[in-house]
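*Asks:* Submitted below is the structure of interest, expressed as C-alpha cells.
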Amino acid sequence: MNAGESSKVAIQARALGRMGEAELDRSPTALDKIARQVRRSVITMIDKAGMGHVGGDLSVTDILTALYFGVLRVDPTMPDWPDRDRFILSKGHCVGALYSVLAKRGFFDEALLADFLAPLSPLNGHPNRRKVPGVEANTGPLGHGLPIAVGSAIAARLSGCNWRTFVVLGDGELQEGSNWEAAMCAGHRGLERLTAIVDRNRLQQGARTEETNRLEPLADKFTAFGWDVLEVDGHDMPALLDMFGASGDGRPRCVIAHTSKGRGVSFMEDRVEWHHKVPNADEVAAALKELSA
Ligand SMILES: Cc1ncc(C[n+]2csc(CCOP(=O)(O)OP(=O)(O)O)c2C)c(N)n1
Ligand SMILES: [Mg+2]
C-alpha cells in the first residue's frame, strides 16, 4: 500500500461488503429497485451539497447499477484485489451516481454520502482513486477515460490476467479527439475484454450534441474503428445485463446506451438546463415523490 492508498477514506466495507457473491440478488427487478434508491440518494446529495450534475447522474444510474450489482467481479472488502474487473467513469462529473452505487455495493458507509462535496470530504466533485475505495481512475477532464481503459485492457493481456475493463463515456465527451485515438488503438489490438458504454442522452453542457458537433452515425464510426457495436435502451435492466458480456470475437465492444438525461424525474428529463441546475426545495420534494412512486 503506498501513501496515496493509505489516505483513502477510512473505509471499512460495511457488513454487506463481505456478503457472498451468491447472496446478491442480481435479478433485474432487484436491480431496478436499487437504481430507484440510487436516484433518490443523488437528489438528496445534490440538495444537501447545493451542487452537482443531476441530469447525467440520473441518465447513467441504470448502467452503473447493472455493472456493479450484476456484472463486475469486484469485492468491496478488497478494492485493490488484483483480479478485479476495472471500471472507469470517464464522465467524471457524474460522480454522485457512482458514489451512491459504490456505497450501496459496500465499498464504504452510505452515511458518508451526506458529506458529498463538503469541505475536506473525500467525496469530491470528480472521482479520485486516492481518496475513495472502488474508484479506479481520476477523471473529470473529459476525454481521458477511454485511453486509460485501453491501457488497462492492454495491461491485463500483457500480464496474462483475465480481468475485464469497462468504461462509461458521455456522448458530448466523444467530441474530445483523444477518444478516437484510443478507439483506433483498441480496434487495432483487438481488445475483446474491453467494453465501452456510451451514455447516449443526446445532451451535453448547454446544448444538444447534434447541434454542437454531430456524432451520428455513431455506431458506424465505432464499427469502422474495428469495434463490435451494440445499441440498447439504457434504462432497460435485462437488456443492459445482456449487453455487458465480452465480445469474444477479437474486437472491443461498444454499447451505445440510449438514455434520457434526468431520467426518473419528469420535469428534468431531456432538459438541457438540468445538466447542473440545483433543484429548489419544492423541486426536491417533487423529485423524491416521483422516485418513490
Ligand atoms: C476537457 C473538458 N472540457 C470541458 C469540461 C466541462 N464539462 C463538464 S460536463 C460537460 C458536458 C459533458 O456532456 P456529456 O459528455 O454528454 O455528459 P452528460 O450528458 O452525461 O452529462 C462539460 C463540457 C470538462 N469536464 N472537461
Ligand atoms: Mg450527454
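The values are calculated or read from the model by the stated rules, or taken from the named source; none is laboratory data. Fair warning: this is a prediction, and the values are worked out from it, not measured in the lab. So basically every Cβ, Gly included, is an ideal-geometry build from the backbone, and we count neighbours across all protein chains shown.
*Asks:* Go through (1) away from ligand 2 (no atom under 14 Å from the Cβ); (2) surrounded by fewer than 24 Cβ atoms within 10 Å (Cβ to Cβ); (3) of a type outside the set (Asp, Glu); (4) touching a residue at least 40 places away in the same chain (Cβ under 8 Å) for Ala186 and report which single condition fails.
*Replies:* Only one criterion is unmet by Ala186, namely (2).
*Asks:* Scan segment 160-175 residue by residue and report those that are surrounded by 20 or more Cβ atoms within 10 Å (Cβ to Cβ) and within 12 Å of ligand 1 (Cβ to nearest atom).
*Replies:* The answer is Val168, Leu169, Gly170, Asp171, Gly172, Glu173, Leu174.
*Asks:* Run down Ala97, Ala153, Ala137, Ala118 and say which single residue is more than 16 Å from ligand 2 (Cβ to nearest atom), part of a helix (DSSP H, G or I) and either of a type in the set (Ser, Thr, Tyr) or touching a helix residue (DSSP H, G or I) at 6+ places or on another chain (Cβ under 9 Å) (or both).
*Replies:* Ala153
*Asks:* Check every one of the strands (runs of 3 or more DSSP E) wholly within segment 185-293 and list those with 3 or more residues that are of a type in the set (D, E, K, R).
*Replies:* Once the strands (runs of 3 or more DSSP E) in segment 185-293 are filtered for at least 3 residues that are of a type in the set (D, E, K, R), what remains is 228-233.
*Asks:* Of the numbered conditions (1) surrounded by 20 or more Cβ atoms within 10 Å (Cβ to Cβ); (2) over 20 Å from Phe244 (Cβ atoms), Ala111 satisfies every one except a single condition; which is it?
*Replies:* (1)
*Asks:* Continuing with this model, one more query. Any idea which of Arg105, Arg193, Arg157, Arg129 is buried (at least 24 other Cβ atoms within 10 Å of the Cβ), basic (Lys, Arg) and at pLDDT 95 or above?
*Replies:* The match here is Arg105.
*Asks:* Additional query: Restricting the first residue to segment 90-115 and requiring it to be farther than 15 Å from Ser59 by Cα, which pairs with a second residue that is β-branched (Val, Ile, Thr) and part of a helix (DSSP H, G or I) meet a Cβ separation below 8 Å and a spacing of at least six or different chains?
*Replies:* Within 8 Å, the pairs are Lys104/Ile34; Lys104/Val38; Leu113/Thr44.
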